[in-house]
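What follows draws every value from the coordinates through simple rules; no lab data is involved. Note that this is a predicted model, so its numbers are computed, not measured. Because the Cβ atoms are built from the backbone with ideal geometry, glycine has one as well, and the counts that use them run over all protein chains shown.
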Amino acid sequence: MTSDRVKIAGRLKELLIESSPLIEKFTAMTCPGCTDVCCRQKHGLYRERDIRYLQALGIDVPRRDPSRPLEGPCESMGPQGCVQPRWIRPFLCTWYFCDPLLAALNEAPQRRVRRLTGVMQEMIDLYDYFSRG
């Protein structure tokens, strides 16, 4: 494993931790009243990039229950949302923004949205690094 991969994974973890409270301000307004929860098992599956990222951090990839229906609720969903820290979740979990969540972002103070957008763009750039084998 290269030192670049470890550094990039470390920076990505930092950004995921930094972005979590920013994202949670919006999910706290939107998700509790939702009747069609979008956190489904199929979105909680780890893909190659997720696995490479976690391996670079020296973290074991959390196991998923293969018997759970893919369209059913994610096994990591707890009463207050996801039980996994954002930096361990599959990236699809962090990147998925449903229509009500996008509407909340559009209505929020733009300074807060720009901060989140900037952090997310850097995360996307770093995450793309893990698409290379």
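Miscellaneous remarks
- Candidate set: region 1-33, residues that are part of a helix (DSSP H, G or I) and among the β-branched types (Val, Ile, Thr); chosen: the one farthest from residue 104 (Cα to Cα): 6
- Test: residue in region 107-115 that is without any contact (Cβ under 8 Å) to a residue 40 or more places away in the chain, over 18 Å from residue 49 (Cα atoms) and of a type in the set (Val, Ile, Thr): yes
- Identity of the residue in region 50-78, touching a residue at least 12 places away in the same chain (Cβ under 8 Å) and of a type in the set (Ser, Thr, Tyr), that ends up surrounded by the most Cβ atoms within 10 Å (Cβ to Cβ): 53
- The residues listed here are 58, 44, 33; of these, the one that is among the small types (Gly, Ala, Ser) and in contact with a Cys (Cβ under 8 Å, 6 or more places away or on another chain) is 44.
- From the list 44, 81, 118, the lone residue that is closer than 28 Å to residue 11 by Cβ, under 16 Å from the mean Cα position of the chain (by Cα), exposed (fewer than 14 other Cβ atoms within 10 Å of the Cβ) and of a type in the set (Gly, Ala, Ser) is 118.
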